[in-house]
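Have a look at the structure below, then the notes.
Any read-out appearing in this document is the output of simple, stated calculations on the displayed coordinates, not a laboratory observation. Just so you know, these numbers come straight off a predicted model, no measurement behind them. In this analysis, Cβ positions are derived from the backbone assuming ideal geometry, glycine residues included, and neighbour counts consider all displayed protein chains.
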Ligand code: ADP
Ligand code: MG
């Protein structure tokens with residue numbers, strides 16, 4: 001079956017030059033990201049997952065190779081094009097939420113909504129993530145799972161083509177983690193937004209449409225799940 005490619009990583013690598021030593025964080029890697037898929041990038045700590053995600057998100061440039069998004073080669077893009085790309089096309093979800101502590105849930109989401117021309121409804125998305133009653137609460141008044149919901153609402157309100165999630169359940173207990181994963185799958189299905197989900201947790205691979213396994217900065221394998229598990233059925 002022919003699938004539409006949202007993003008093409010073609011021979012991408014990243015070496016950090018630390019003076020005396022060079023760290024080859026990502027060896028030459030090629031991955032096509034299909035439009036609408038939920039793809040899990042799996043690997044142990046230090047295997048290059050975040051390096052890969054930062055390059056996909058236009059937060060870092062590769063040392064070699066191309067990243068094509070919508071016909072544009074981001075590896076050749078200037079700072080203003082990269083800023084526009086990050087702002088309009090990408091939503092980010094991080095392990096430690098990265099919310100602004102002195103803004104309420106609503107205000108955190110509003111800040112992101114103001115960056116784009118056609119945001120989704122701020123209150124609507126907060127309701128969708130189950131925080132209808134908590135909109136005026138500050139991050140410090142919320143549990144980790146609730147803060148992660150705010151951060152997902154903040155990413156999703158921009159209605160981005162690509163949602164990049166770096167260890168989104170890494171700081172959460174099992175049950176809360178499952179709810180967060182279910183929410184990411186729901187946003188993927190309902191908004192048609194392509195989701196890239198990074199984890200060191202092998203079990204989470206079972207929910208992906210595809211799984212990229214990273215090992216020592218290399219793509220060790222890319223496999224397809226014929227029947228991805230609903231997050232509620234994953235156990236770890
Ligand atoms: P993962 O997310 O899988 O844990 P990372 O992509 O963060 O892995 O890191 C891959 C390797 O690159 C590690 O050896 C890490 O120490 C190194 N690395 C990551 N970022 C930097 C950086 N900014 N400067 C130097 N080395 C880095
Ligand atoms: Mg990482």
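Before moving on, here are some points about what is shown:
- Residue among 64, 13, 30 that is more than 8 Å from ligand 1 (Cβ to nearest atom), closer than 30 Å to residue 229 by Cα and surrounded by fewer than 21 Cβ atoms within 10 Å (Cβ to Cβ): 30
- When 79, 72, 107, 20 are checked against the criterion of being more than 10 Å from ligand 1 (Cβ to nearest atom), without any contact (Cβ under 8 Å) to a residue 40 or more places away in the chain, closer than 30 Å to residue 140 by Cβ and over 17 Å from the mean Cα position of the chain (by Cα), 107 stands alone in meeting it.
- A single entry from 29, 80 fulfils the requirement of being part of a strand (DSSP E or B) and farther than 30 Å from residue 135 by Cα: 29.
- Residues that are in contact (Cβ under 8 Å) with a residue 24 or more places away in the chain, surrounded by fewer than 21 Cβ atoms within 10 Å (Cβ to Cβ) and in a loop (DSSP other than H, G, I, E, B) within the stretch 131-165 comprise 134, 135, 136, 137, 138, 142, 143, 159, 161, listed in sequence order.
- Residues of the stretch 166-188 classified as within 16 Å of ligand 1 (Cβ to nearest atom) and either surrounded by fewer than 21 Cβ atoms within 10 Å (Cβ to Cβ) or farther than 14 Å from residue 149 by Cβ (or both), total: 4
- Within the stretch 33-74, being within 16 Å of ligand 2 (Cβ to nearest atom) and in a loop (DSSP other than H, G, I, E, B) holds for 43, 44, 45, 46, 47, 48, 57, 59, 60.
- Qualifying residue in the stretch 74-83 (condition: crowded, with 16+ Cβ neighbours inside 10 Å and within 27 Å of residue 125 (Cα to Cα)): yes
- Which listed residue is within 27 Å of residue 69 (Cα to Cα), more than 17 Å from the chain's Cα centre (by Cα) and more than 16 Å from ligand 2 (Cβ to nearest atom), from 228, 160: 228
- Residue match in the stretch 84-96 (condition: touching a residue at least 24 places away in the same chain (Cβ under 8 Å) and part of a loop (DSSP other than H, G, I, E, B)): yes
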